[in-house]
Structures are given as C-alpha cells and as structure tokens.
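K.L.:
Have a look at this one before I ask anything.
The values are calculated or read from the model by the stated rules, or taken from the named source; none is laboratory data. Bear in mind that the values here come from a model prediction, so they are computed numbers and not experimental data. Heads up, the Cβs are rebuilt from the backbone with ideal geometry, glycines too, and the neighbour counts pull from every protein chain shown. The accessibility values were calculated without ligands, DNA or RNA, using every heavy atom of the protein model including side chains. Shrake-Rupley method; radii C 1.70, N 1.55, O 1.52, S 1.80 Å.
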Amino acid sequence: QVQLVESGGGLVQAGGSLRLSCAASGRTFSSYAMGWFRQVPGKEREFVAAITRSGGSTNYADSVKGRFTISRSNAKNTAYLQMASLKPEDTAVYYCAASQRVVITTSPDAYAYWGQGTQVTVSS
C-alpha cells in the first residue's frame, strides 16, 4: 500500500496561484499513476488532473486546462498540482489519489489510495 498526505492548501485571492503537494510513503510510488480530485459540499468528487507512472502523459479536466499543471518527482515520492489564475469556483477540498492502472482514468473508482485532502479557498 501507499499512504498519501496533501499539503499546500490555503486562502488565495482570485487570480493568484498555489502549489499543492502530495507526499507518498514507502518505496513504490513509481508503481502508481497519480490523480488530483476536488470536492465541495453537496457535490460529487470531481476529476482535476492525472499523470502516468513515469510522468510521460497527463490529463486535465476542461475546467482547469491551461491553468493547472500536474507533475511528479518519483525520486522525491511526491506529486504536485500547480494552480494558477485561480477562480472562486476552484474553491474545494483537493485530494490526491494513487491508481494501479496503466491507462489514465478520470474515475475516482479507479484510485485505490487517497490522501486526507487539503482545503483551497479562492476569494473574490
């Protein structure tokens, strides 16, 4: 198994930037594709971005394309979500997740391991 811990959330003004980090325990981080999801009260968990095990391919939700960048450092056992041009509608709890699937998927059901979440609040 892998344990995931998110950090980097906080309060930011609209138009600002934040970088979220997801630190993984153990020595098997490179065996997992990584994804970022977000959720607000009363709504379903929403796919944000994903990256393959080697970092060679990425996928983004249409709502964040051009603004968010997912990356990973297998040497550091860490995945990142760089968020720019933030909007109030980006406000949510952001979760990182790990998947054993080779093909990138947007479904939360494909991710077996989840972090505790980190709050991102964008003020207007």
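K.L.:
Along the range 71-80, what does the Karplus equation 6.51 cos²θ - 1.76 cosθ + 1.60 (θ = phi - 60°) give for ³J(HN,Hα), rounded to whole Hz, x for Gly and Pro?
P.N.:
8, 8, 10, 5, 5, 9, 6, 9, 10, 10
K.L.:
THR69 label point, 7 Å along Cα→Cβ, cut-off 19 Å on backbone N: hits in the range 77-91?
P.N.:
Hits in the range 77-91 for THR69 at 19 Å: 77-87.
K.L.:
Counting only residues 5 or more places away or on other chains, whose amide H sits under 5 Å from the amide H of GLY16 once H atoms are built in the peptide plane?
P.N.:
Distant-sequence amide H within range of GLY16: LEU86.
K.L.:
Still on this structure, I have one more. VAL102 versus GLN39, label points 7 Å from Cα toward the beta carbon: distance in nm?
P.N.:
Taking the two extended label points, one gets 3.0 nm.
K.L.:
Let's see if you can work this out: charge +1 on each Lys and Arg Cβ, -1 on each Asp and Glu Cβ, no other charges. What is the dipole magnitude of the chain about its Cα centre, in debye to the nearest 20?
P.N.:
Result for the chain is approximately 340 debye, rounded to the nearest 20.
K.L.:
Give the carbon-plus-sulfur fraction of the accessible surface of the range 1-114 in %, rounded to a whole number; probe 1.4 Å, heavy atoms of protein chains only.
P.N.:
Looking at the range 1-114 in its full context, I get 45 percent from C and S.
K.L.:
Also, I was wondering about something else. How big is the antiparallel share of DSSP beta bridges in the chain, given as a percent to the nearest 5?
P.N.:
90
K.L.:
Mind ranking LYS65, LYS76, LYS87 by accessible surface for me, highest first, 1.4 Å probe?
P.N.:
Greatest to least solvent exposure: LYS76, LYS65, LYS87.
K.L.:
For the chain, with every protein chain kept in place, what is the accessible area per residue (1.4 Å probe, Å²)?
P.N.:
Here the residues of the chain average 51 Å² of exposed surface.
K.L.:
Let me check against my output: what whole-number percent is the relative contact order of the chain, with C-alpha pairs under 8 Å and at least 6 apart?
P.N.:
It rounds to 36 percent for the chain.
K.L.:
With θ set to phi - 60°, apply the Karplus curve 6.51 cos²θ - 1.76 cosθ + 1.60 along the range 53-62 and write out the HN-Hα couplings as whole Hz, x wherever there is a Gly or Pro.
P.N.:
Listing the rounded values in order: 4, 8, x, x, 9, 9, 8, 9, 5, 4 Hz.
K.L.:
Between GLN13 and GLU46, 0.36 nm times their residue separation minus their Cα-Cα distance comes to what?
P.N.:
In short, 9.7 nm is gained.
K.L.:
Right, something else. May I have the extent of the alpha carbons of the chain along their three principal axes, as whole Å values ordered from largest to smallest?
P.N.:
Projected onto the principal axes, the Cα atoms of the chain cover 40, 25, 25 Å.
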